[in-house]
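S.K.: Take a look at this one; I'll ask things after.
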Amino acid sequence: NGVVQGRGIKCSLCTKALKKIQALAGDNPDEAAVAAALQKGCRVLGRAMGRLCQRLVKKYREQITEGLQNGDMPRDICTAIGICQS
C-alpha cells in the first residue's frame, strides 16, 4: 500500500511540475524553451519537491520534451513515462 501512495504523490508531483513547465515553455516551444522551462519549473516547487522534480526531468527529459512539443496534456505525459496510472 505504501508503494501505491508513493506513486500517487509522484503522479501529482509530475502533473503539477509539467503544468508549470508547460506554462513556462509557452505554446509551440523549441528545445531551448523547454530546457529553460524544465530548469525553472522545478525550482518553483520548493527544495524537497524540486529535487525530486529535477531527478524526474533528467531521467525522462526526452519524453517530456517530446510531449510538450506535441502539446500533450501533463497528465498524459506522466502516464506515458509510467509515473501515473492511466
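S.K.: Of all residues in the stretch 36-61, which are without any contact (Cβ under 8 Å) to a residue 12 or more places away in the chain and small (Gly, Ala, Ser)? Talk me through it step by step, then tell me what you get.
M.R.: Taking the stretch 36-61 first, the residues without any contact (Cβ under 8 Å) to a residue 12 or more places away in the chain are 39, 43, 46-48, 50-51, 55, 58-59.
If the condition is that a residue be without any contact (Cβ under 8 Å) to a residue 12 or more places away in the chain and small (Gly, Ala, Ser), then Gly46, Ala48, Gly50 are the ones that fit.
S.K.: Just checking, which of Cys84, Cys53 is at pLDDT 90 or above and not β-branched (Val, Ile, Thr)? Even if it seems obvious, please write down each step before you answer.
M.R.: Details: Cys53 fails: at pLDDT 90 or above.
When all the criteria are applied, what remains is Cys84.
S.K.: Got at least one residue in the stretch 21-38 being of a type in the set (Gly, Ala, Ser), open to solvent by less than 10 Å² (accessible area, probe 1.4 Å) and modelled with pLDDT of 90 or more?
M.R.: First, pick out the residues of the stretch 21-38 that are of a type in the set (Gly, Ala, Ser): 23, 25-26, 32-33, 35-37.
Next, from what is left, pick out any that are open to solvent by less than 10 Å² (accessible area, probe 1.4 Å): 37.
Filter once more, so that each one left must be modelled with pLDDT of 90 or more: 37.
Yes, the conditions are met somewhere in the stretch 21-38.
The values are calculated or read from the model by the stated rules, or taken from the named source; none is laboratory data. Because the structure is a prediction, the values reported are computed rather than measured. FYI the Cβ positions are ideal-geometry reconstructions off the backbone, even for glycines, and counts take in every protein chain you see. Heavy atoms of the whole protein, side chains included, go into the accessibility calculation; ligands, DNA and RNA do not. Shrake-Rupley method; radii C 1.70, N 1.55, O 1.52, S 1.80 Å.
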